[in-house]
Amino acid sequence: MPDTVSSLKRKLALAYQILYQEGLAREDTLGHASVRLPGESLCYVKPWGVGFEEVTPECLLSMDLEGNKVGGGEGRLHSEMPLHSEIYRARPDVNCVIHIHPFHATLLSSVWRGGLRIVNQNTQIFAAGVAMYASSELIRSVETGRAVAEALGAGNALLMKNHGIVVAGQSLEQTLVLAVQLEKAALTHLTLAPFREVSEIPTPVATRWAEELMRPVHCTNKFEYWCRKLQREGVGAYRG
Ligand SMILES: [Zn+2]
């Protein structure tokens with residue numbers, strides 16, 4: 001069943017809870033995830049000042065590609081919205097963008113030398129590479145939003161130097177998997193830093209597995225698992 005605006009907002013509120021629950025956005029209210037219906041320009045995002053675990057479908061705001069709030073609940077948009085609008089503008093295939101500051105991936109951005117060690121399931125979905133945005137300034141203008149979209153290119157994962165990450169995908173489920181896996185991949189890579197001799201997964205094998213693991217059926221399965229986990233263990237304002 002294709003999503004409607006209300007099912008998409010419900011899923012986005014769950015995605016915020018999952019990002020909190022999985023430890024990717026626990027420290028404060030900063031960072032944001034947005035979604036849009038395929039082919040639409042309006043996207044939905046949480047307001048500034050609200051914690052990830054506090055997000056409900058009712059509090060979400062809608063925003064146009066010019067970065068204007070055009071509907072939704074109380075509150076104002078985050079200042080880094082050009083990051084979302086310029087990626088949507090550049091990438092008709094992208095329907096979800098997540099920008100957060102997870103601990104390990106942000107550390108990885110500060111020591112990044114261009115390659116991720118592909119050694120396990122967490123890292124192999126990034127066999128095609130991870131992009132880098134080399135400025136640590138916040139993304140508050142259309143120009144810097146465009147620069148982020150350019151750095152991301154046709155890819156789906158980007159490290160922002162000394163700042164955080166951007167992941168972008170065709171669906172909310174796929175993008176959530178990318179966010180969770182990139183943080184685990186960063187932890188894997190950093191843990192291996194002292195070791196010179198590391199056995200890596202050959203690129204053709206990793207590429208094949210990446211394609212398999214990113215198929216919609218696997219991403220939906222993970223999303224549904226995280227939703228059940230929320231029902232059991234969730235501490236936030238919304239559990240679906
Ligand atoms: Zn940021």
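The values are calculated or read from the model by the stated rules, or taken from the named source; none is laboratory data. This structure is a prediction, so every number in the text was calculated from the model and none was measured. Heads up, the Cβs are rebuilt from the backbone with ideal geometry, glycines too, and the neighbour counts pull from every protein chain shown. Protein only, heavy atoms only, side chains kept; ligands, DNA and RNA dropped before computing areas. Shrake-Rupley method; radii C 1.70, N 1.55, O 1.52, S 1.80 Å.
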### Query
Only one of V119, V94 is among the aliphatic types (A, V, I, L, M), in contact with a strand residue (DSSP E or B) (Cβ under 8 Å, 6 or more places away or on another chain) and either under 26 Å from I201 (Cβ atoms) or touching a residue at least 40 places away in the same chain (Cβ under 8 Å) (or both); which?
V94
### Message
Of all residues being in contact (Cβ under 8 Å) with a residue 24 or more places away in the chain and more than 14 Å from the ligand (Cβ to nearest atom) in the stretch 144-153, which is surrounded by the most Cβ atoms within 10 Å (Cβ to Cβ)? Just the residue, please.
### Response
A149
## Note on the structure
Heads up, the strands (runs of 3 or more DSSP E) in the stretch 43-131 (entirely inside) with at least 3 residues that are over 16 Å from the mean Cα position of the chain (by Cα) and modelled with pLDDT of 95 or more are 61-63
### Query
Among the residues of the stretch 21-44, how many are more than 16 Å from the ligand (Cβ to nearest atom) and under 16 Å from L178 (Cα atoms)?
4
## Note on the structure
Going through the stretch 45-61 in order, the residues found to be away from the ligand (no atom under 16 Å from the Cβ) and open to solvent by 10 Å² or more (accessible area, probe 1.4 Å) are E53, E54, T56, P57, E58, C59
### Message
Please determine whether any residue of the stretch 197-218 is in contact (Cβ under 8 Å) with a residue 24 or more places away in the chain, under 23 Å from T4 (Cα atoms) and within 16 Å of the ligand (Cβ to nearest atom).
### Response
no
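Each row is one residue, and each column tells you yes or no for (1) within 16 Å of the ligand (Cβ to nearest atom); (2) buried (at least 23 other Cβ atoms within 10 Å of the Cβ).
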| site | (1), (2) |
| --- | --- |
| V70 | no, no |
| G73 | no, no |
| S79 | yes, no |
| E86 | yes, yes |
| R91 | no, no |
| P102 | yes, yes |
| Q121 | no, no |
| Q124 | no, yes |
| V130 | no, yes |
### Message
If a residue must be surrounded by fewer than 14 Cβ atoms within 10 Å (Cβ to Cβ) and over 22 Å from K69 (Cβ atoms), how many such residues does the stretch 8-37 contain?
### Response
2
### Message
Given the condition part of a loop (DSSP other than H, G, I, E, B) and either open to solvent by less than 20 Å² (accessible area, probe 1.4 Å) or farther than 25 Å from R26 by Cβ (or both), answer yes or no: does some residue in the stretch 171-193 qualify?
### Response
no
### Search result, residues across the stretch 194-225 that are hydrophobic (A, V, I, L, M, F, W, C), closer than 18 Å to N95 by Cβ and assigned to a helix (DSSP H, G or I)
V217, C219, F223
